[in-house]
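Here is the structure we will look at.
The values are calculated or read from the model by the stated rules, or taken from the named source; none is laboratory data. This one's a predicted model, so the numbers in the text were calculated from it and none came from an experiment. Positions of Cβ are backbone-derived with ideal geometry, glycine not excepted, and every protein chain shown enters the neighbour counts. Note: accessible area is taken over every heavy atom of the protein model, side chains too, but ligands, DNA and RNA are not part of it. Shrake-Rupley method; radii C 1.70, N 1.55, O 1.52, S 1.80 Å.
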Amino acid sequence: MRKALSGIAALAAAGLIAGGIGLAQSQSADPLSVGRQMLAEDNPGELWIDRGKAIFYDKRGPKKASLESCDFGLGPGKLEGASARLPRYFTDTNQVQDLESRLLTCMVGLQGYKREDLIKSAISSPLSSGSDIEALALYITSRSNGMRMNASMSHPKEREMFKVGEYLFHRRSGQTDFGCISCHGESDKRIRLQDLVNMTEQKQIQDVVSSWPAYRGAHFVVRTMQWRLYDCFWQMRLPELEYASEVSIALTSYLHAQGKGAVIRVPGFKR
């Protein structure tokens, strides 16, 4: 009996040691993962969803209208699953649009805002309460939480935009001869404490595209994909990326298509 107990104790000790080694290895491989998980579980970005909902249904702008008649691709006012299919071609504008450029179209057409004024305030300052468009983008995307991304590729202009985005992603340019692929073409790369996602690997790109809009901890506000691309251009020392431009929509088209099948979970949490 004592031998049996001794054997069990030895096995238990070995299991604990192995478990401890495994935990230590996993933590050493990504020592920031525990902190990220804790922050994501209590994400301040959730507050922006309620704000975005209130803005969506409020009668605003010179025309005193809500956004309930806005068609994001599935019909006026239908939000469930709409962002999962974006960017896509819209017949009324004869353009491929992402969520934020479509919001501009609706806020101008339905509510009477001026496009240039909306663009000026679309990306908020750090430590601010955020912009209306950031809150709206998060609310609308949240209505697709749990659904899989499936950007439309049925129209010739959608396929053309994808090809342009693919070219831009791989093109090296500017004074530093940099491109998106420079940072996001290999696994296990890092800048300071920031992991660099390998966007040529499907699982990694899915984790990225399915988590925007996201709360940016360093800025204390919700950020969108348009901001993410703008910031990348700035870091690459390229000319300033115009908000909701064809360049930004083309890159989003490429990234969303590459992330097809990803389950949407927003708001994400970024450092």
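Pairs are defined by a Cβ separation below 8 Å, a sequence spacing of at least 6 or placement on different chains, a first member in segment 100-129 that is on the phi > 0 side of the Ramachandran plot, and a second member that is among the hydrophobic types (A, V, I, L, M, F, W, C); the pairs so defined are 112/65; 127/220; 127/221.
Count of segment 60-79 residues, restricted to those that are in contact (Cβ under 8 Å) with a residue 12 or more places away in the chain and not in a loop (DSSP other than H, G, I, E, B), is 3.
Go through segment 231-250 and count every residue that is open to solvent by 60 Å² or more (accessible area, probe 1.4 Å), in a helix (DSSP H, G or I) and either at pLDDT 95 or above or within 17 Å of residue 163 (Cα to Cα) (or both).
Initial filter on segment 231-250 (open to solvent by 60 Å² or more (accessible area, probe 1.4 Å)): 234-235, 237, 239-240, 242, 246.
Subset that is in a helix (DSSP H, G or I): 234-235, 246.
The next check asks that each one be either at pLDDT 95 or above or within 17 Å of residue 163 (Cα to Cα) (or both); those that pass are 246.
Qualifying residue count for the region: 1.
Conditions tested, residue by residue: (1) open to solvent by less than 20 Å² (accessible area, probe 1.4 Å); (2) in contact with a Cys (Cβ under 7 Å, 6 or more places away or on another chain); (3) more than 18 Å from residue 149 (Cβ to Cβ); (4) at pLDDT 95 or above.
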site	(1), (2), (3), (4)
41	no, no, yes, no
58	no, no, yes, yes
68	no, no, yes, yes
72	yes, no, no, yes
78	no, no, no, yes
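Being open to solvent by less than 20 Å² (accessible area, probe 1.4 Å), among the aromatic types (Phe, Trp, Tyr) and within 30 Å of residue 128 (Cα to Cα) is a property that residue 212 lacks. Filter segment 80-90 down to residues that are assigned to a loop (DSSP other than H, G, I, E, B) and buried (at least 20 other Cβ atoms within 10 Å of the Cβ) and give me whichever is farthest from the chain's Cα centre (by Cα). Out of the qualifying residues, it is 82. Beta carbons closer than 6 Å, at least 6 apart along the sequence or on distinct chains, pair a first residue in segment 39-59 that is within 23 Å of residue 110 (Cα to Cα) and basic (Lys, Arg) with a second that is open to solvent by less than 50 Å² (accessible area, probe 1.4 Å) and at pLDDT 95 or above for 51/135; 53/139; 59/65; 59/66. Say whether the condition of being under 30 Å from residue 67 (Cα atoms), open to solvent by less than 50 Å² (accessible area, probe 1.4 Å) and at pLDDT below 95 is met by at least one residue in segment 195-206. The answer is yes; a qualifying residue exists. The sole residue among 148, 115, 171, 190 that is closer than 18 Å to residue 96 by Cβ and open to solvent by 30 Å² or more (accessible area, probe 1.4 Å) is 115. Pairs are defined by a Cβ separation below 8 Å, a sequence spacing of at least 6 or placement on different chains, a first member in segment 142-166 that is at negative phi, and a second member that is assigned to a loop (DSSP other than H, G, I, E, B) and of a type in the set (Val, Ile, Thr); the pairs so defined are 142/266; 144/264; 145/264; 145/266; 147/264; 148/264; 149/264.
Count of segment 127-175 residues, restricted to those that are under 22 Å from residue 56 (Cβ atoms) and at pLDDT 95 or above, is 18.
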